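Student: Sending over a structure as structure tokens; questions will come in a sec.
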Amino acid sequence: MKTYINKIETFSSVDGPGVRTVIFFQGCKLRCKFCHNPESWNISNDGNYTVDELFNRILRSKPYFSNNGGVTFSGGEPLLHKDYLIELCKKLKKENIHIALDTAGCGNGDYKELLNLVDLVLLDIKAINKNDFINITQTDNFDKFLDFINELNESNKDVWIRQVIIPNINDNEEYIKSLKEFISNNIKNVKKVELLPFHTMAFSKYTDLGINNPYIDIPAMDKEKCIELEKYI
Ligand code: SF4
């Protein structure tokens, strides 16, 4: 089985615990207005890595994972590569490699087998109601997101929540309190909530790819204000 990997980053310290190798899968069905990886959107029918090739690539970094590092699957949307990931995760489990899945929870359904194989889910929350979800992701996938949360809760896996904070859109006390309520009422085993400041570093990618950037006039989020907002979580 082959699939398309957009890029691989080693020695990451921001996508889960410890030192991690991050695998960015190609393809995503959402079109988040704040996306900083628009180059990963197109779904490719080609593949550049077999399961064994990617497994061996990850294994090369194992000496650096130490006690709490490991591999993080990101994207794009890794859930679109479910069958490939199941095969790969089975091999990684035999090597005792910690597996994190960074996802928006919008794939093709039935994630039970995959979730049983991962150790941690980094769940990206785009919005906490249908209308805002449609507005921000430019797609109608809120029900899929809720279905994923149900399966995630059944799996009993640890969860880290990630929410991008955008100036004049959700950078206020009221939203953060609603976010807290949504998480408390809907998601089990939450170990951490990360508020990620919106940044403009990917703007040039939109220009290079000829993609309309709906947030072109939005400035980068003030990092101090983002930290300040954490007190409401
Ligand atoms: S889910 Fe992630 S990769 Fe897909 S559009 Fe949103 S931010 Fe970009």
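Student: Report, in degrees rounded to the nearest 10, the 0 to 90 angle that the Cα long axis of helix 142-155 makes with the longest principal axis of the chain.
Tutor: The angle comes out at about 50 degrees.
Student: Next up: Among the Cys residues of the chain, which have no other cysteine Cβ under 4.7 angstrom away?
Tutor: If one checks each Cβ against the other cysteines of the chain, Cys28, Cys89, Cys106, Cys226 turn up with nothing under 4.7 Å.
Student: Then there's this: Once neighbouring chains are kept in place and the probe is 1.4 Å, which whole percent of the accessible area of the stretch 1-150 is contributed by carbon and sulfur?
Tutor: Exposed carbon and sulfur together represent 44 percent of the surface.
Student: Greater than 23 Å separation of Cα atoms is the criterion. Which listed pairs, Lys29/Lys112; Lys91/Lys112; Lys112/Lys177; Lys62/Lys144; Lys33/Lys112; Lys144/Lys231, meet it?
Tutor: Flagged as over cut-off: Lys112/Lys177; Lys62/Lys144; Lys33/Lys112; Lys144/Lys231.
Student: What is the spin-label model distance, in nm, from Asn96 to Lys231 if the labels are put 7 Å beyond Cα along the C-beta direction?
Tutor: 4.4 nm
Student: Applying a 10 Å radius around every beta-carbon, put 206-213, 218-225 in order of their mean neighbour count, most first.
Tutor: Details: 206-213: 12.1, 218-225: 14.5.
Put in order of decreasing packing, that is 218-225, 206-213.
Student: To check you understand DSSP bridge types, tell me what percent of the beta bridges within the stretch 1-92 (both residues inside) are antiparallel, rounded to 5.
Tutor: Among the beta bridges of the stretch 1-92, antiparallel pairing accounts for roughly 60 percent.
Student: Pairing the Cα long axis of helix 82-94 with the longest principal axis of the chain, what angle in degrees results, from 0 to 90 and rounded to the nearest 10?
Tutor: 60 degrees
Student: Could I ask something else about it? Please compute, over every Cα-Cα pair in the chain, the percentage with a separation greater than 25 angstrom.
Tutor: 40 percent
Student: Next question. Given only helices, namely DSSP H runs of n ≥ 4 each adding -39500 (n - 2.57), what is the per-residue ellipticity at 222 nm of the chain, to the nearest 500 deg cm²/dmol?
Tutor: The helix contribution divided over the chain gives -10000 deg cm²/dmol.
The values are calculated or read from the model by the stated rules, or taken from the named source; none is laboratory data. Model, not experiment: these values are computed from the prediction. Don't worry about glycine lacking a Cβ; one is built from the backbone with ideal geometry, like all the others, and counts go over all protein chains shown. When the accessible area is computed, the model is the full protein with side chains, heavy atoms only, and any ligands, DNA or RNA have been set aside. Shrake-Rupley method; radii C 1.70, N 1.55, O 1.52, S 1.80 Å.
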